[in-house]
Amino acid sequence: MMKKVILMTALLMLSAAMGYAQKDREAKLNKETNLIEVTYFHEDGSVRQQGTFDLAGKLHGEWASFNEKGEKISLGTYYKGARTGTWYFWNNGNQKEVAFDNNTIASVVDTKTKSPVVTKD
């Protein structure tokens with residue numbers, strides 16, 4: 001069970017780090033929401049990540065990640081830099097739902113079987 005927690009934590013950190021590591025990106029201020037909309041690209045020009053930052057530079061709002069084929073591989077929401085709510089991860093036809101509580105993984109569910117993988121005590 002601990003291996004799965006470590007694996008999910010590593011996956012989450014990797015997905016966040018990918019967004020910061022990209023050189024090719026587009027950013028613009030949405031004056032209606034007062035958020036900076038950002039798109040990061042794979043080397044081939046396809047979209048890698050899309051999301052928003054607040055004016056303080058913290059991740060805020062919905063973020064999505066895509067593989068080089070254009071398939072969505074993760075979707076979730078940040079609130080002032082903290083992961084919140086349920087995040088979704090897709091891999092090889094499987095979907096995981098990761099619930100966050102106070103920026104900490106509260107549970108992980110494999111939606112194919114609806115069986116809990118990890119739960120917070």
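Things to note:
- Remark on Ser74: its backbone amide H falls under 5 Å from those of Ser65, Trp90, a criterion applied only to residues 5 or more positions apart or on other chains, H modelled at 1.01 Å from N.
- Across the stretch 76-89, rounded Karplus estimates of 3J(HN,Hα) from the backbone phi angles (6.51 cos²θ - 1.76 cosθ + 1.60, θ = phi - 60°) give x, 10, 10, 10, 6, x, 10, 5, 9, x, 9, 9, 10, 10 Hz, Gly and Pro being marked x.
- Residues whose amide H lies under 5 Å from that of Gly85, counting only those 5 or more places away or on a different chain, are Phe100; hydrogens are built 1.01 Å from N in the peptide plane.
- Distance between modelled label sites at Asn91 and Lys31, nm, 7 Å Cα→Cβ extension: 4.3
- Per residue, the accessible area of the stretch 59-101 comes to 54 Å², computed with a 1.4 Å probe over protein heavy atoms only.
- Dividing the C-alpha radius of gyration of the stretch 47-114 by 2.2 N^0.38 Å, with N its residue count, gives 1.16.
The values are calculated or read from the model by the stated rules, or taken from the named source; none is laboratory data. Quantities reported herein were computed from a predicted structural model and do not represent experimental measurements. Positions of Cβ are generated from backbone atoms using ideal geometry, with glycine treated the same way; all protein chains shown enter the neighbour counts. Just so you know, the surface numbers come from the protein's heavy atoms only, side chains and all, with ligands and any DNA or RNA stripped out. Shrake-Rupley method; radii C 1.70, N 1.55, O 1.52, S 1.80 Å.
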